[in-house]
Amino acid sequence: MNFEGIVITGTSCAGKSTIANELCKPRNSNTQSSFQLIKAITTRARRDDDNNYDYVTDEDFDLLVSEGKLLITSTYRGCKYGIKNDESDKVFKSKKNKTPILILTSEATKELSEKYYGRFMSFFIDADNDELLYRKSLREKRTLANNEKEYFTKLINNDREYSFVANYVVYNNENAPSVQLIELLWNHKNNGGGLSHNIIQKMIQSGMLLDKAEISKINGASYDLSLGDEYYYGGKINYMTDKNPFLTIEPYDYAIVSCTELARMPRDVTGKFGLTVSLFCQGIILSNGPSAN
C-alpha cells in the first residue's frame, strides 16, 4: 500500500498524544523530525496535559460540518472530534515532505480507513488494564473509587472492539519501544522480506508477534521458541515439572508438543517454524503442516 500518513488511535490513557509528540520531536540538534501532527478540534473540556487539540464550542463544530470544512468527524463519549481540511492540506500539500500524523477516535479511524483505504498506516495504542487505571488516576490526580474503576474498564473494553481496524496493535506499557517501533515500521513500509533482530525486539516489547516471549531468545532474524509444559506421548497427555524437566523420545517414536509462547501476528506478518540444527543432528524430525481449522 502507498501509505501517505499515520493514524494513531486506541484506548483512553494509552498514551496516544505522548507517542505522537515524541515522533514529532527531532532526534538530535542537527536534524528535524520527518513527522508532523495534524491538529484536531474537539468540543470536550480543555485538558492541561494535551495541546494537540483546538477546543471549540458545539455550535462552532456544527458550523464547520455544515460548511464541509472537516476531513473527518466523530463523537466519542459525548464529545465531538474532527480534523479540518485546511489543517490536513497544510501538511499533505507542504513542500517540507513531512509525514502527517492524525490522532483519531477508534470509530473515526474505521470511517477514515473505509473512505481512504490504504492511505494511512494505523496504530491502535493500548496497555494493560492496571497500567491504564494507574494513568487515569494520575490524570485525575486522585485515587479512583471502585465503581469508577469498573466504569473506566468497561469504556476501554468498548474501545478495544475497534482495534481490528488498525494495521498494528501496540501495547504501550513503555513509551520508548512504542515510538521506536512505529518509526521502524514506517521507515520499512512496503518492504518485503524477513524481520530484523531490532524490529522483532521492538514488536515483542510492544505486545506483537508472541506472548510470553523473552527478549534473550531472539536469535538474529528469528526467535527460539520454548518447549511448553504440556505434551502428548505414549498414548496420553503428560506434563513437564521441576522434578521431570525433560522430554525423552525413544528411537522411531513420536511426540506431539506445545510451545510456551502464543502467536500474536500483525495482519501483514507471517511466520514459519522449524527445528534447530542441533536437534536435527540428534535425529529429531519435525512433521508439521497447515491446521484443519
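Decide, for region 218-281, between rounded, prolate and oblate: order the square roots of the alpha carbon gyration tensor eigenvalues as a ≥ b ≥ c, take rounded if a/c falls under 1.5, and otherwise choose prolate if a/b is larger than b/c, else oblate.
On the way: a/c = 2.06, a/b = 1.66, b/c = 1.24.
Because a/c hits 1.5 or more and a/b exceeds b/c, region 218-281 counts as prolate.
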Calculate the spin-label point distance for ASN238 paired with SER226, positioning each point 7 Å from the Cα along the beta-carbon direction, and give it in nanometres. 2.1
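Please tell me the relative contact order of region 218-281 in percent, rounded to the nearest whole number, where contacts are Cα pairs under 8 Å and at least six residues apart.
Working: 46 pairs, mean separation 22.0, N = 64.
About 34 percent, as a whole number.
Counting other C-beta atoms within 10 Å, and keeping those with at most 12, which DSSP coil chymotrypsin sites (Phe, Trp or Tyr not before Pro) do you find in region 111-158?
TYR117
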Residues in region 11-55 reached by a label modelled at GLU4 [backbone nitrogen below 18 Å; 7 Å Cα→Cβ]: 35-40
The chain, relative contact order in percent, only Cα pairs under 8 angstrom and at least six apart counted: 18
Multiply the residue gap between ARG267 and SER66 by 0.36 nm, knock off their C-alpha separation, and tell me the result in nm, one decimal place. 68.6 nm
Using amide H atoms built 1.01 Å from N in the peptide plane, name the residues 5+ places from GLY228, or on other chains, whose amide H lies under 5 Å from its own. SER258, CYS259, THR260
Once amide hydrogens are built 1.01 Å from N within the peptide plane, the residues lying 5 or more places from GLY207 or on another chain with amide H under 5 Å from its amide H are TYR171
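First check a/c for region 157-197, with a ≥ b ≥ c the square roots of the eigenvalues of its C-alpha gyration tensor; if it is under 1.5, answer rounded, and if not, answer prolate when a/b is larger than b/c or oblate otherwise. Mind showing how you got there, number by number?
Details: a/c = 2.79, a/b = 1.52, b/c = 1.84.
Verdict is oblate for region 157-197.
Within region 188-293, report the chymotrypsin sites (Phe, Trp or Tyr not before Pro) that DSSP leaves as loop and that have at most 14 other Cβ atoms within 10 Å. Let's see the in-between values first.
On the way: sites: TYR223, TYR231, TYR232, TYR233, TYR239, PHE246, TYR252, TYR254, PHE273, PHE280; in loops: PHE246, TYR252, TYR254, PHE273.
Here the sparse-neighbourhood loop sites are PHE246, TYR252, TYR254, PHE273.
With n ≥ 4 as the cut-off for DSSP H runs, can you work out [θ] at 222 nm for the chain, using -39500 (n - 2.57) per run divided by the number of residues, rounded to the nearest 500?
-9000 deg cm²/dmol
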Residue by residue through region 127-141, the couplings from Karplus 6.51 cos²θ - 1.76 cosθ + 1.60 with θ = phi - 60°, in Hz, x for Gly and Pro, are 7, 4, 4, 4, 5, 5, 5, 5, 5, 4, 5, 5, 5, 7, 6
Three-way shape call for region 125-249 based on the alpha-carbon gyration tensor, with the a/c threshold at 1.5: oblate
Mind jotting down the distance between the C-alpha centroids of region 213-256 and region 117-154, whole Å? 37
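Of the GluC sites (Glu not before Pro) in region 1-110, which ones lie in a loop per DSSP and count no more than 14 other C-beta atoms within 10 Å?
On the way: sites: GLU4, GLU22, GLU59, GLU67, GLU87, GLU107; in loops: GLU4, GLU67.
Qualifying residues, ordered by number: GLU4, GLU67.
Need one number: % antiparallel among DSSP beta bridges in the chain, to the nearest 5.
Values: 21 of 40 bridges.
Around 50 percent antiparallel, to the nearest 5.
Taken together, the values in this text are just the output of simple stated rules run on the coordinates, not laboratory data. Fair warning: this is a prediction, and the values are worked out from it, not measured in the lab. Every residue, glycine as well, gets a Cβ built from its backbone with ideal geometry; the counts of neighbours run over all protein chains shown.
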